[in-house]
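Okay, so here's the structure we're looking at.
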Amino acid sequence: MADTLLLHFSSEQADFATWSLVNSAGELSTMLSSGSLSDAAPLAAKHKTIVLLDSTRVHIDSVRLPIKKHQKLLRAAPFALEEKIADDVEDLHFVAGKTSSNGSTAIAAIDRSTLENILSRLNQHGIEPVAMIPDALCLTANTKQWAVLLHNGRTSVQFNTFDAGEFDRDATALILESALHQDGRQTPEKIILFTTDGDETDIQDIEKIIPENIELIKISYNKHPLVIYCGEYKHALDLNLLQGEYKPVTKSSVNWQRWRLAAALTIIFISLQIGITATRYQTLHNQNSRLQVEIDKIYKQAFPESTRIVNARVQMEQKLNELKGTGHADSSTSLITLLSEASPALSSEKDITIQAINYKASKLDIDITGSTLKNIEQLNKKLNNGNIKAEIISSSSEKDKVKGSIRLQKASQS
């Protein structure tokens, strides 16, 4: 399976990104690269691209609504979250994940103009992502652990697979402490803290508010959190922001619109071909009928004694089998048997040339030419070998050669 291009993008740094290829196992397959979008464009042209968006501009929440149909839930979600969102919900683009077993549905919302500006910026450089997901959802949280990431003066906190947010670094300890005491939120067994060099002060502040019964695991990462996101981004694809009106138009869809006329013409062509084929079939059927008449005619010429033709091919095979000795006739009198017995004598006479043979009624007539009548008499003598009986039934002289005909049959026959 081809690698995927993961591109981390922040709308606050519109001309800058960090990227790498990732394999199907969620492992980076190239070194991390950072630079302008134009630098990433060549890779994006060759690989499926997924954008991990800085979560600062994305509102992530959940709703509990007695609605099962996805589209109806999406229409109701803005009103359910209206009091929690400072922006006008009519200006926001909402996407919904799958509803969990407890009836909660994850929701992500982003300002339409912000999303359109990001897509426009990417498209200017030929980058057409198939998905765009908030980076805060690409950490390692689950039902038993939280994940905290310190990066560039900001903190991403993920409380569960689809429960996350991004905050100012100074508010990290306060946010965590509040979440630990929040009613209805499950207390984790451990908290994974991702840090880089220089985060010692923030680490100490976090350590102070973590209860002793919760294990704090500190993991230091180097350079960029994309090394963390790469292994977890697939879990966040349910909240892909590129849904609904922003769903990418696949090349196949574009090509279908472009080739509709060609497809229609193809259908017409196929219909014509079917008609032509049907006509050809009828023509071939007529030709076959005419050929069958010719076959019957040839059979009658070859076997004039036959009075009834049911299947010329089968009857012809039966006649040939009789000649070969495989039919009902005595095999000792067959054409093949007589020729086999006569072969040594015929091949020994160098001055004799066979002109024709005729087999009928268990008798084989061989028309020959020789230099002298003596040659023919010598051959006739050799052919009488005890198994077959040979007799000269005709002979004549012409200039410098003699023609003759010798009849062969089983020795016991008269």
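Taken together, the values in this text are just the output of simple stated rules run on the coordinates, not laboratory data. Note that the structure is a prediction, hence the values are computed from the model and not measured. Cβ atoms come from the backbone with ideal geometry, glycine included; neighbour counts cover every protein chain shown.
Under a plain spin-label model, where a point goes 7 Å from the Cα along Cα-to-Cβ, how far apart in nm are Thr283 and His47?
Between Thr283 and His47, the simple spin-label model gives 5.7 nm.
What FRET efficiency comes out for Ser104 versus Ile309 if R0 is 56 angstrom and r is the Cβ-Cβ distance? Round to the nearest 0.05.
E between Ser104 and Ile309, to the nearest 0.05, is 0.10.
What residue among Thr99, Ser113, Leu81 has its Cα farthest toward the positive end of the dipole of region 56-117, where the charges are +1 on Lys, Arg and -1 on Asp, Glu, each on the Cβ?
Of the options given, the answer is Thr99.
Give the separation of the Cα centroids, region 262-288 to region 205-253, in Å.
59
With point charges of +1 on the Cβ of Lys and Arg and -1 on the Cβ of Asp and Glu, referenced to the Cα centre of the chain, which listed residue (Ser178, Ile206, Leu32) lies farthest in the positive direction of the dipole?
Ranked along the dipole, the leading option is Leu32.
Using the count of nearby Cβ atoms within 10 Å as a rough guide to exposure, how do Ser104, Ser62, Ser348 rank from fewest to most?
Fewest-to-most ranking of Ser104, Ser62, Ser348: Ser348, Ser104, Ser62.
Please work out whether region 31-84 counts as rounded, prolate or oblate from its C-alpha gyration tensor, where a ≥ b ≥ c are the square roots of the eigenvalues and a/c under 1.5 means rounded, while otherwise a/b larger than b/c means prolate and anything else oblate?
Prolate shape, in that a/c is at least 1.5 and a/b is the bigger ratio.
Using the Karplus curve 6.51 cos²θ - 1.76 cosθ + 1.60 with θ = phi - 60°, work out ³J(HN,Hα) for each residue of region 264-280 in order, rounded to whole Hz, and write x for Gly and Pro.
Whole-Hz 3J(HN,Hα) from phi for region 264-280: 4, 5, 5, 4, 4, 4, 5, 4, 5, 5, 4, x, 5, 4, 4, 5, 5.
Projecting each Cα onto the charge dipole of the chain (Lys/Arg +1, Asp/Glu -1 at the beta carbon, about the Cα centre), which of Leu339, Ser220, Pro248 comes out farthest on the positive side?
Value computed over the given set: Leu339.
Residue by residue through region 152-168, which ³J(HN,Hα) values in whole Hz follow from phi under the Karplus form 6.51 cos²θ - 1.76 cosθ + 1.60 (θ = phi - 60°), with glycine and proline marked x?
Values per residue, Gly and Pro as x: 6, x, 10, 10, 9, 10, 10, 8, 7, 3, 10, 10, 7, x, 10, 9, 5 Hz.
In which sequence would Tyr229, Tyr299 go, from the one with the fewest C-beta neighbours within 10 Å to the one with the most?
So the residues, fewest neighbours to most, are Tyr299, Tyr229.
For Lys48, enumerate residues with amide H under 5 Å from its amide H, sequence gap 5+ or separate chain, H modeled in the peptide plane.
Leu5
Quick check on the chain: helices-only [θ] at 222 nm, where DSSP H runs of length 4 and up contribute -39,500 (n - 2.57) each and the sum goes over total residues. Nearest 500, please.
Calculated at 222 nm, the ellipticity per residue is -11500 deg cm²/dmol.
Report the far tail of the P(r) of region 331-410, meaning the percent of Cα-Cα pairs longer than 19 Å. Intermediate values should be presented prior to the final figure.
Details: 870 of 3160 pairs.
Considering region 331-410, 28 percent of its Cα-Cα pairs are separated by more than 19 Å.
Which part of region 205-243 falls in the paramagnetic zone of Asn23, meaning amide N under 14 Å from the point 7 Å along Cα-to-beta-carbon?
231
What does the extension gain come out to for Ala356 and Ala263, with contour length at 0.36 nm per residue minus their alpha carbon separation?
This chain segment gains 27.0 nm when fully extended.
Rounded to the nearest 20 debye, what is the charge dipole size of region 150-229 about its Cα centre when +1 sits on each Lys and Arg Cβ and -1 on each Asp and Glu Cβ? Each step should come with its number before you reach the end.
On the way: 7 positive and 15 negative charges, 53 e Å.
For this selection, approximately 260 debye.
Place a point 7 Å from Cα of Tyr221 in the direction of its Cβ. Which residues in region 1-24 have their backbone N less than 18 Å from it?
Only 4-11, 17-24 pass the distance filter.
Using a Gaussian network model of the chain with C-alpha springs under 10 Å, which one of Gly184, Gly231, Gly370 is most mobile by mean-square fluctuation?
Taking springs between Cα atoms under 10 Å, the residue moving most is Gly370.
With a point put 7 Å past each Cα toward its Cβ, work out how far Asp205 is from Arg64 in nm, to one decimal.
Rounded to a tenth, the inter-label distance reads 3.3 nm.
5 Å is the cut-off here: which amide hydrogens, built 1.01 Å from N in the peptide plane, fall below it relative to Lys190, excluding neighbours closer than 5 in sequence?
Trp146, Glu215
Sort region 4-248 into rounded, prolate or oblate with this rule: let a ≥ b ≥ c be the square roots of the eigenvalues of the Cα gyration tensor; rounded if a/c is under 1.5, and if a/c is not under 1.5, prolate when a/b is larger than b/c, oblate otherwise.
Taking the square roots of the gyration eigenvalues as a ≥ b ≥ c, region 4-248 is oblate.
State, as an integer percentage, the relative contact order of the chain based on alpha-carbon contacts under 8 Å between residues 6 or more apart.
10
Using unit Cβ charges (K, R positive; D, E negative) and no other charged atoms, how large, in debye to the nearest 20, is the dipole of the chain about its Cα centre?
Using only the charged Cβ atoms, the result is roughly 4360 debye.
Tell me whether region 72-180 comes out rounded, prolate or oblate; compute the Cα gyration tensor, take square roots of the eigenvalues as a ≥ b ≥ c, and use a/c under 1.5 as the rounded threshold.
Values: a/c = 1.60, a/b = 1.20, b/c = 1.34.
Oblate, since a/c reaches 1.5 and b/c is not below a/b.
Please arrange Cys230, Cys138 by counting, for each residue, the other beta carbons lying within 10 Å of its beta carbon, fewest first.
Ordered by Cβ neighbours within 10 Å, fewest first: Cys230, Cys138.
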